[in-house]
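Student: I'd like to ask you about the structure that follows.
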Amino acid sequence: MSLVHKLKKWTGFRRFLMMCLLLAVTLTEGAGEAQAASVSDFTDVRSGAWYYEAVKFVTDRGLFNGTSATTFQPNGTMTRGMFVTVLGRYAGIDPSGWCAGTVTGSGVNVRSGPGTSYGTLGTLSKNAYVTLTGESGNWYRIQFGSGNGYVSKDYLTPKYHRFSDVDYGAYYAGYVIWGYETGIVNGVTDTRFQPGSDVTREQICKLLAGYAACERIELTDSGESVAFTDAGSISSWAKTGVDTMQRAGIVMGEVDGAGYRFRPKSSATRAEAAIIFQRFATTGRPSWNYGQGQTGAEDPGPAPDPQPQPSLPTASTDQDITPASFADGTVAVRADVVRVGILVNTKYYTNAVSEVRLENLSGGTFQYGTYGSDRRFQYAGDLNAGTLSITTDGSTFTVRDGGG
């Protein structure tokens, strides 16, 4: 699985390991189902529309694509698969890294089609790590060389959990698996995600609140909760998320004469979802002007001033490094300098990898030191070792060289 790493996009990759040790490099955004268009290309998004700036915001950043090269369909609804895809794009994850499998046999044939009657393209060794791109009967389609090949399901095991209704070839597959593995996304059952079902307003709140908690994003809290007239219809599992998003000024309801109605089970239009994402992606609480929006739609209010998206600072000495590959806890990087940082995520520690080995195949030494608050590396000394083992018991990290 070939991955291009960019140090400036660290946020999504740190969720990938969910563990105590993280490389200080990250993945670039993966491609979605199509290239995003510019808002000026959409014939159904007129300048001056209450959602125009939000549509421009999400398309400029590649979060949303159009439904075609010339349409956005602002009044169309978003599916669960679409919304999780947008969230994953915002997180900067590489979806192909989550559609992965491990070869369980030795010398496993890669076929040109889904069956033994097809020609052999090559073989894979046991424990090889591959990217899954689809399924056909009892065969997985995988990335192989510059194209695709097929491997029998008898000799390939998916690395991560997947839902039975999420096909590896779907544009949203990697994003859904990422969301599930990081605890942000739940299925409608243990085995079904229903990616084609419309995402509801309460589901959006649950997803955004879960992502904010996972990334430790501090949202503005107004300290004021709105008593929605239909609060009794909000699912118990969504109440905290709805309250969090409402207090942060990211969602509100529509005026219904007696107060504000939230419509928790209603589908969100693409325009509404764009506005909600714009608010979420900017810091500070917008000023609302309730009751002045479009009939039947959430009042957009004035668009918030654009602010930088949450991210870790990048030290001036950081470098882009490519290529790199991730396989079963092993990262092979062809670069002169690779800096490794340690981060403890207590929420996901139960899923952590307990040991990580660093091996310098070039025969050079390891430098060690500390990082300042600006993420600048402060050199302390050298270790003349070809391999280092880093383990943790949850509170202490132990580094050992090859001699123990």
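Student: Rounded, prolate or oblate: which one fits the range 129-226, using the alpha carbon gyration tensor with axes a ≥ b ≥ c (rounded when a/c is under 1.5, else prolate when a/b beats b/c, else oblate)?
Tutor: prolate
Student: Calculate, in nm to one decimal, what ASP60 and THR387 gain on full extension: separation in residues at 0.36 nm each, minus their alpha carbon distance. Could you put the intermediate results ahead of the total?
Tutor: Details: separation 327, 0.36 × 327 = 117.72 nm, distance 4.43 nm.
Difference between extended and current length: 113.3 nm.
Student: Using a 7 Å offset from the Cα along the Cα-to-Cβ direction at both SER236 and THR71, what is the distance between the two label points in nm, to one decimal?
Tutor: Placing both labels 7 Å along Cα→Cβ, they lie 4.2 nm apart.
Student: What shape does the range 47-151 have by the C-alpha gyration tensor, where a ≥ b ≥ c are the square roots of the eigenvalues, rounded means a/c under 1.5, and otherwise prolate means a/b greater than b/c and oblate the rest?
Tutor: Prolate shape, in that a/c is at least 1.5 and a/b is the bigger ratio.
Student: Another question, then. What's the FRET efficiency of LYS265 with SER38 using the Cβ-Cβ distance as r and R₀ = 35 Å, to the nearest 0.05?
Tutor: After rounding, the FRET efficiency stands at 0.55.
Student: So what are the ³J(HN,Hα) numbers for the range 145-158, from phi and the Karplus equation (6.51, -1.76, 1.60; θ = phi - 60°), rounded to whole Hz, Gly and Pro as x?
Tutor: x, 8, x, 10, x, 10, 10, 4, 5, 5, 10, 9, 10, x
Student: Which trypsin sites (Lys or Arg not before Pro) in the range 45-120 pass both tests, a DSSP loop state and at most 13 other beta-carbon atoms within 10 Å?
Tutor: ARG46
Student: Taking θ as phi - 60°, what are the ³J(HN,Hα) couplings along the range 196-207 by the Karplus curve (6.51, -1.76, 1.60), each to the nearest whole Hz, with x for Gly and Pro?
Tutor: Listing the rounded values in order: x, 6, 4, 6, 8, 5, 6, 5, 4, 4, 4, 5 Hz.
Bear in mind that the values in this text are calculations on the coordinates, not laboratory data. This structure is a prediction, so every number in the text was calculated from the model and none was measured. Every residue, glycine as well, gets a Cβ built from its backbone with ideal geometry; the counts of neighbours run over all protein chains shown.
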